[in-house]
Structures are given as structure tokens and as C-alpha cells.
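For reference, the structure discussed in these notes is given below.
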Amino acid sequence: MKLTIKDTLIQSSRLVFYNAKFVVLLWITNSAFALLTSVVIYTLLENSLSHSIISDQLNKQFDYFWYVQFQNLNKIQFEQIPLLIYIVVVIYTLIQTFYLGGLISVFNNYEKNHMVDFFYGGVKYFFRFFKVVLVSTLLYVLGFILNDNLGNMISYLFRNSENVLAEFVIRSLRYSFLIFLIGIISIVSDYTKVALAIDDKHNILNYISKSARFIYDNFRVTFSTFFIIALIGAGGALLYNAIVYFLPRTPYYFLAIAFILQQILVIFRLLIRMYFYSSEVMLYKDLSAEIINKQ
């Protein structure tokens, strides 16, 4: 009997709960990279404000003239920050690809969910998943290039038109198409990684095609499950933004509350990420299993 969407959501959430200990590792890694990207700005601010009376004024009201001066004095350092961010993003992506191999490994065989099994899965599947990341990155780039070209074409078509409503509708459809395209690339990429791990294969291009066919043949259940989990993640983010919006900025202990809420949101997003892959593992194993007829 095939899993329904409801059964998949329930059982995959249990799978995430049983392996929630890996969230600690994911959160520590995320915090370390966040600290790494912010330490440069923090150092510059520390040098600028630690012995300045303007720091007290900035607690009450933002000073635009100080900000312009701060940028000019640290112009060289600010020019180097984008390069640092790019390097950190690449390293972070590689580490997350490694972790993903471990997560799918323990989701596939939930009886072997020790930290050793996690790292073994990361080592085993890293190069396969890295190739998928390269292909999916290329597809993302092509998707954004296509979106830009569509935008230029729309601007050209409506350059002499005063039909604002039609232009608005077409541009909205363009952005909707981009979101849909990103979702399709993401879900195909995810199922390719899952299929490569579960079937223990190495042929990347063949499994991209196979995963696309698998999603097409089971589009209702695969895309609906993916969409529902995405809505849960979006709902958590909206709830966080609503709470933070009404949270006072002073006195200082409210900043501590905002920081704690932010870390809760980070952990929630990590759990949602695990939720995506646990559901995909369950669906792929269930829907691709061979049916044996008893005679």
C-alpha cells in the first residue's frame, strides 16, 4: 500500500524527531559561519565606537553622517567583505553537502543513526552530491538569465504602452514562473541526491533524468508534500517576523529576547530542512519499491 500525503508527513516528522540530535551539529556549524561573516564588521565597529561618545547616541537614534564617515574610513575593508562572503558561502555549501550525505544515510537506515554512521554517510556520498550541486547551480544560473531576458523582453514590448495593468500581470507571471522554476530545480536536485544514496549509484546525469521522471509520475504526492512542508517553513518565518516586529528595541534585554527568538527560527529552519529530506527518502523508497504479486 502506497503512502498518502498525510502518512508521509506524519512518519517523516517522526523520523526527524528521532534524529533531532543532528540539529545541534547543524546549528553549531551555522553559528560558526555566521560569526565568521560578522566578525569583520564587529571588529570595525568595535574600533570605531569603543572609545567614542557617539556609541551612546547610536543607541537612541541612527546617525546617517556617522555611517557615511564610517564607510569612508573603512572603504578598503568594505571592498574586501564581498570576497569574504563568497568564500564563506562556498565553504558552507561544501560542508552542508557533506552533512546532507549523513542525513540521507541515517534517514535511509534509521536503525544506524549514530554520529559515526552520519559522518560515514557524509564521506560516502559527498562527491556524488557535489556533482549534483554543480549541475543544479548551473540550472539556477540559467533560470535567472532566462528571467532577466524575459524582463528585458517585457520592457521592450511595453516601452510605448500605457497599459499598466497588463504589464503588471505579465511581470507577476514572470516572477511566479521564476519561483516555480526554482522549486522544480530544487525538488529534482533533492530527489536526485536521495535516489543516488538509496540506490547507491554514481551516474549523476542518468539519475537526474530518472528523478525528474519519478517526480513527473508521482507529481501530486511529491510536489504536494514538498509544498506543504515549504508552507510550514514559511509560516514559522512569518510568525517570527510578526513577533519581532512588535518587540520593543529598548531596554537592552529585549535585544537578548530577539536574539533567542532568532536562534529558535534558525533551529526551526534546520528542522524544516531535515523534514524535506526525510519525506523525500520515505516517498522515494515507497513509490519506487517493486511490487511483488503473491500467487
Could you name the lysines whose alpha carbon sits less than 28 Å from that of K112, not counting residues in the same chain fewer than 8 places away?
-> K2, K6, K21, K124, K131, K193, K201, K210, K285
Folded to 0 to 90 degrees: helix 22-49 orientation relative to the chain principal axis, Cα = 20 degrees
Rounded to the nearest 10 degrees, the helix 219-245 long axis (Cα) sits at an angle to the longest Cα principal axis of the chain of 20 degrees
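I need the calculated FRET efficiency for the pair L49 and F168, taking r as the beta carbon distance and R₀ as 41 Å, to the nearest 0.05.
E between L49 and F168, to the nearest 0.05, is 0.35.
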Pop the C-beta distance of V90 and L146 into the FRET formula with R0 = 22 Å and round what comes out to the nearest 0.05.
-> 0.35
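Given axes a ≥ b ≥ c from the Cα gyration tensor, I'd like to know whether segment 122-259 is rounded (a/c under 1.5), prolate (a/b larger than b/c) or oblate. Please list the in-between numbers first.
Working: a/c = 2.18, a/b = 1.12, b/c = 1.95.
Oblate shape, in that a/c is at least 1.5 and b/c is the bigger or equal ratio.
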Out of M153, M274, M282, any idea which swings most in a Gaussian network model of the chain, alpha carbons joined below 10 Å?
-> M153
Extending each Cα 7 Å along its Cβ direction at F246 and I228, get the distance between those two points in nm, one decimal.
-> 2.9 nm
Stretched out fully, how many nm does the piece from V133 to D200 gain, at 0.36 nm a residue minus the Cα gap?
-> 22.4 nm
When the accessible area of the chain is computed with all protein chains present and a 1.4 Å probe, what percentage of it is carbon and sulfur?
-> 67 percent
V24 paired with I257, simple spin-label distance in nm, labels 7 Å along Cα-to-beta-carbon = 2.9 nm
To the nearest 500 deg cm²/dmol, what mean residue ellipticity at 222 nm is calculated for the chain from DSSP H runs of n ≥ 4 alone, each contributing -39,500 (n - 2.57), summed and divided by the residues?
-> -30000 deg cm²/dmol
Angle in degrees between helix 164-199 and the longest Cα principal axis of the chain, rounded to the nearest 10 | 60 degrees
For the chain, count all C-alpha to C-alpha pairs, find those more than 23 Å apart, and express that count as a whole percent of the total.
-> 68 percent
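The values are calculated or read from the model by the stated rules, or taken from the named source; none is laboratory data. None of the values given here were measured: they were computed from a predicted structure. Every residue, glycine among them, receives a Cβ derived from its backbone with ideal geometry; neighbour counts consider all protein chains shown. For the accessible areas, the whole protein counts, side chains as well, though only heavy atoms, and no ligand, DNA or RNA atoms are used. Shrake-Rupley method; radii C 1.70, N 1.55, O 1.52, S 1.80 Å.
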